Amino acid sequence: MRFYLISAIVTLIILITVISFRQDVWQTYALPYDEEQVGLNDQITINFSHVVAENTPKGLAADKFAQLVKEKSNGKINVQIYPNGILYNDENELAALKNGDIQMIAPTISKMTEALPSWQVLDLPFIFEREDQIYAALHGELSKTLLAELSSINVHGLSFWNNGFKQIASKNELIQTVEQFQYLTVRIMTSDLLSQQFNLLNAEPISTTFNDLYKKIQNNEILAQENTLSNLYSKGFYKMQPQITLSNHGLLAYSVLMNEDFWQSLDKSSQKIITQSLKEMDRWQHEQAIALNEQNLQQLQADPNVTLYTLSKQQREEWRVALQPIYQSYNNIGNPQFLAQLYQDIKN
Ligand code: SIN
């Protein structure tokens, strides 16, 4: 019995060994040469989180940036984009950037003003009349000073991007006069200046993240909002707030930011590629934002459910006068020199 048991075990071991060798189980091979993997250890990944759709001024700019740095670095720098707030919303993205959980974000100027109140200068209403003034403000002397201010919160400032003029979208009434704002619930980005702007109009400003906005409009918690046509269109807000007043009363622009430690960890040539790529796309980005807002305007004009109204000169003047005290407030809590510099940058 014992003899049979031992013979069976020995036979089993021999069988397993033979089969294993035939299946090359014990053999080790070098992996085939794969060009894609060359220099994988040297690759730099920049995770870039933002809250809007891809087909928007910011979404397209993020894609263009990724493409430029990839080309210039021969594939060494890879920008991984996370749109639509899938990673972080606009209330937690700055903290995530500072913690190093993400390397790059592009929040609106307004969303940066809690940390940097002097940045409210670019949120002042009725300061810009034309698109070229916006370009001058985002790429002139003041813009350099604003970017330098970021070092006080340990963030690396790279550039500014344009989205365009904000308009007023409303659910029920088409807003034309200052009086119509009374008791109106208006969504704002978190910003003291924007809150004051709507307080001066006797409205009820409600601060909400971009991600939560759709639900709050649906629930009738918010009846109106100020936003660009591209944001109103790309997120479908116009379907719920189809009364749109073309007021051009304020600017929506972005700061392009990087985690400071990550920036410092990059070699000089990678830093140069990043700054050059952004510089190269300044004009393209600005024109792209204008074109996209224009395209969305045409799409909205073609929609029979949407009403579009351009403020008359007189109505615009009434809005402007009602909001005038905000300039004094800015000078009290912001930086009067920044306002003077802004006027200087856009005066031509
Ligand atoms: C954005 O354009 O990034 C969002 C703007 C908003 O919160 O309305």
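Whose amide H sits under 5 Å from the amide H of residue 159, counting only residues 5 or more places off or on another chain, with H placed in the peptide plane?
The answer is 256.
Kirkwood Rh over Cα pairs of the stretch 199-320 into Stokes-Einstein at 20 °C, 1.002 mPa s: D in µm²/s?
122 µm²/s
How high is the FRET efficiency from residue 327 to residue 204, r the C-beta distance, R0 25 Å, rounded to 0.05?
0.65
Helix 282-301 against the longest principal axis of the chain: what's the angle in degrees, Cα atoms only, rounded to the nearest 10?
Taking the Cα atoms of the chain, the angle to 282-301 is about 70 degrees.
If you wrap a convex hull around the Cα atoms of the chain, how much volume per residue is inside, in Å³?
219 Å³
Convert each backbone phi in the stretch 331-342 into a coupling constant with the Karplus relation 6.51 cos²θ - 1.76 cosθ + 1.60 (shift: θ = phi - 60°), then list the ³J(HN,Hα) values in order as whole Hz, x for Gly and Pro.
5, 6, 9, x, 9, x, 5, 5, 5, 4, 5, 5
Each residue of the stretch 60-71 in turn: what ³J(HN,Hα) in whole Hz from Karplus with 6.51, -1.76, 1.60 and θ = phi - 60°, glycine and Pro shown as x?
5, 5, 4, 5, 5, 4, 4, 5, 5, 5, 5, 4
With a 1.4 Å probe and every protein chain kept in, tell me what percent of the accessible surface of the stretch 40-346 is carbon plus sulfur.
About 45 percent, which is the carbon plus sulfur part of the accessible surface.
For the stretch 133-284, count the residues as N, evaluate 2.2 N^0.38 Å, and divide the Cα radius of gyration by that value, please.
1.23
Give me the dipole magnitude in Debye, nearest 20, for the chain about the Cα centre, with unit charges on the beta carbon: positive for Lys and Arg, negative for Asp and Glu.
Computed about the Cα centre, the dipole is about 420 debye.
For the chain, what does the helix formula give at 222 nm: sum of -39500 (n - 2.57) over DSSP H segments with n ≥ 4, over the residue count, nearest 500 deg cm²/dmol?
After summing the helix terms and dividing by the residues of the chain, the value is -14000 deg cm²/dmol.
Return the sequence-ordered ³J(HN,Hα) values of the stretch 101-113 in whole Hz as given by the Karplus equation 6.51 cos²θ - 1.76 cosθ + 1.60 applied to θ = phi - 60°, using x for Gly and Pro.
Those phi angles translate into 6, 9, 9, 8, 9, 9, x, 5, 4, 4, 6, 8, 6 Hz.
With no solvent and one point on each alpha carbon, what is the Debye value of log10 I(q)/I(0) for the stretch 275-320 at q = 0.20, 0.24, 0.32 Å⁻¹?
-0.79, -0.85, -0.99
Once you place label points 7 Å from the Cα toward the Cβ at residue 80 and residue 220, how far apart are they in nm?
4.4 nm
Quick one: compute the contact order of the chain, relative version, from alpha carbon pairs under 8 angstrom and 6+ residues apart, as a percent.
24 percent
So how strong a dipole does the stretch 296-348 carry about its Cα centre when Lys and Arg Cβ are +1 and Asp and Glu Cβ are -1, to the nearest 20 debye?
140 debye
Using the heavy atoms of the protein chains alone and a 1.4 angstrom probe, what is the accessible area of the stretch 40-346 per residue in square angstrom?
42 Å²
Hey, what angle do you get for helix 2-22 against the long axis of the chain, alpha-carbon based, 0 to 90 degrees rounded to 10?
50 degrees
The values are calculated or read from the model by the stated rules, or taken from the named source; none is laboratory data. Predicted model, so just to flag it, every value in this text is computed and none were measured. As a convention, Cβ positions derive from the backbone with ideal geometry for all residues, glycine included, and neighbour counts pool all protein chains shown. The accessibility values were calculated without ligands, DNA or RNA, using every heavy atom of the protein model including side chains. Shrake-Rupley method; radii C 1.70, N 1.55, O 1.52, S 1.80 Å.
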